[in-house]
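J.: Let me give you the structure first, and then I'll get to my questions.
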Amino acid sequence: SVIFIRDKNSYGQEVSGYIDYADRLKTEDFEVYFSGKKRLLPRPTDLSFYNWDSQVAVCNSSPNYQVIADNPDGLLFKYKKDRKILNVDPKVHPGDNSTRTSIQTDLYIQAVIFDHISRRKT
């Protein structure tokens with residue numbers, strides 16, 4: 001899954017980005033997020049990160065996804081195991097074997113979960 005979050009950081013700056021959920025789960029203890037002690041926010045080390053105030057933009061591939069940032073249609077992620085494209089543009093279908101779920105919450109300005117089901121045997 002890829003999680004998109006847009007919200008304000010501890011400095012009051014608006015940030016947004018796409019988080020490779022499986023990768024973050026391997027590298028970090030999520031108990032603090034599940035218990036509500038911390039809020040999940042994108043970081044410059046995630047798939048993508050943008051600080052709307054400082055206009056810092058960063059893209060990083062993860063063990064699961066390759067970032068395709070130079071596409072004229074917008075930001076895309078290619079799942080490395082089955083090489084299927086995940087399109088995060090809200091105006092189009094997210095792609096083969098993928099779904100987009102907008103989350104209604106008071107915790108974040110915006111939250112969206114993109115689920116991709118890999119059909120390839122690993």
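J.: Keeping to the stretch 21-62, report how many residues are surrounded by 13 or more Cβ atoms within 10 Å (Cβ to Cβ) and at positive phi.
T.: 0
J.: Do you know which residues across the stretch 66-98 are open to solvent by less than 30 Å² (accessible area, probe 1.4 Å), among the hydroxyl-bearing types (Ser, Thr, Tyr) and touching a Ser or Thr at 6+ places or on another chain (Cβ under 7 Å)?
T.: Those that are open to solvent by less than 30 Å² (accessible area, probe 1.4 Å), among the hydroxyl-bearing types (Ser, Thr, Tyr) and touching a Ser or Thr at 6+ places or on another chain (Cβ under 7 Å): none in the stretch 66-98.
J.: Here is a further query. Report yes if Asp7 is closer than 21 Å to Leu86 by Cβ and either over 15 Å from the mean Cα position of the chain (by Cα) or of a type in the set (D, E, K, R) (or both), otherwise no.
T.: Numbers: closer than 21 Å to Leu86 by Cβ: no; either over 15 Å from the mean Cα position of the chain (by Cα) or of a type in the set (D, E, K, R) (or both): yes.
So Asp7 does not fit the description; no.
J.: Right, something else. If I ask for residues that are over 17 Å from Ala69 (Cα atoms), open to solvent by less than 90 Å² (accessible area, probe 1.4 Å) and free of Cβ contacts under 8 Å to residues at least 60 places away in the same chain, which ones from the stretch 1-20 would you list?
T.: Scanning the stretch 1-20 gives Asn9, Gly12, Gln13, Val15.
J.: If you take just the strands (runs of 3 or more DSSP E) that sit entirely in the stretch 13-122, which of them hold at least 3 residues that are closer than 13 Å to Val2 by Cβ?
T.: 14-20, 65-68, 76-79, 85-87, 98-103, 110-116
The values are calculated or read from the model by the stated rules, or taken from the named source; none is laboratory data. As the structure is a prediction and not an experimental result, all values here were calculated from the model. As a convention, Cβ positions derive from the backbone with ideal geometry for all residues, glycine included, and neighbour counts pool all protein chains shown. Heavy atoms of the whole protein, side chains included, go into the accessibility calculation; ligands, DNA and RNA do not. Shrake-Rupley method; radii C 1.70, N 1.55, O 1.52, S 1.80 Å.
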